[in-house]
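**Q** Input: one structure, supplied below.
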Amino acid sequence: MGPVNQGLSEQLPELETTADRFFNGDLSLDQPKSGPRTAIDAFFLAAAIPEPIQGTLRIIEAGAGNGADSLALALRIAEIYCVGVELESRLVQLAQSNTYKNNLQERVQFVQGDVTQSQTMNNHPLLVREGFDHAIANPPYYFSGSARQSKDEIKGRAYVHTLGDLDSWIRFLTTATSAKGSLTLIHLPENLNLLLEVLDGRFGDLALFPLFPHVGKNASRIIVQGVKGSRGGTTLHQGLVLHESNGEYTEEANRILRDCGSLKLR
């Protein structure tokens, strides 16, 4: 696919994209050719969101990128309304375009905003304090100084941030989530201590769900889910193995990645 014309200033280069399909072709995504590209993390995050008991589940996503997480979630759960917040204007337009490609524009919307800035919550009518039942995020996995920053500005912001940014992300999502609402994140297991630190006093009754690349290997990702204001303890789940010994995805992983299945964390 050719460049996306964002109607922005001439200083911003056009965004080269590719057209890709997921979930056996049920989800169509245009995404940046050079990154950030959609990874399986987005689909495991979407799979972990619980279905609503009644009514419509209102979701806010921080760092929405090209919209993969929210769109996958909306594809899985019909009774859902998502608002994704993304800093990069070109990705916001790309994500919004993807809602139309999948006929989900009535249930998923994206807005431009910096979730590390407190005033962002006041800058758009779709962003409502305590207006969402559930918050989701796939924050940058690496911190400045611990990983080499990409020369691509968009890709660099997607994968690397400062230690203080993670706390700002959680603060933003705490403000957006209703009383007794919940939060689901996916991150690196080696950053679990930091995640628990920034969640402390904000979200409790935590469920930890590790993803293992192979049997006998250390977890490569961990899904963390909690309830706002809860003082409940932490539960470590058995988790899920992603690959068979031959490198193929396991049956359980394929249920998520091909069939748009769900993960039960509580």
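**Q** Out of the residues in the range 66-110 that are small (G, A, S) and under 21 Å from N24 (Cβ atoms), which is surrounded by the most Cβ atoms within 10 Å (Cβ to Cβ)? So that I can check it myself, show each step before the final result.
**A** Of the residues in the range 66-110, the ones small (G, A, S) are 67-68, 70, 72, 74, 78, 84, 89, 95, 97.
If we keep only those that are under 21 Å from N24 (Cβ atoms) too, we end up with 67-68, 70, 72, 74, 78.
On the way: G67: 32, A68: 27, S70: 30, A72: 26, A74: 23, A78: 10.
Ranking the candidates gives G67 first.
Results for (1) in contact (Cβ under 8 Å) with a residue 60 or more places away in the chain; (2) under 18 Å from D133 (Cβ atoms); (3) more than 15 Å from the chain's Cα centre (by Cα), shown as yes or no for each residue.
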position	(1), (2), (3)
F44	yes, no, no
P50	yes, yes, no
I60	yes, yes, no
L87	yes, no, no
N103	no, no, yes
R107	no, yes, yes
T116	no, no, yes
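**Q** Please go through the range 118-127 and give me each residue that is surrounded by fewer than 17 Cβ atoms within 10 Å (Cβ to Cβ) and assigned to a helix (DSSP H, G or I), ordered by number. So that I can check it myself, show each step before the final result.
**A** Applying the first criterion (surrounded by fewer than 17 Cβ atoms within 10 Å (Cβ to Cβ)) to the range 118-127 yields 118-119, 122-126.
Correct list: S118, Q119, N122.
**Q** Could you list all residues from the range 43-64 that are at pLDDT 95 or above and touching a Ser or Thr at 6+ places or on another chain (Cβ under 9 Å)?
**A** Correct list: L45, A46, A47, A48, I49, R58, I59, I60, E61, A64.
The values are calculated or read from the model by the stated rules, or taken from the named source; none is laboratory data. Remember, it's a predicted structure, so these values are computed and weren't measured experimentally. We place every Cβ from the backbone using ideal geometry, glycine too, and count neighbours over all the protein chains shown.
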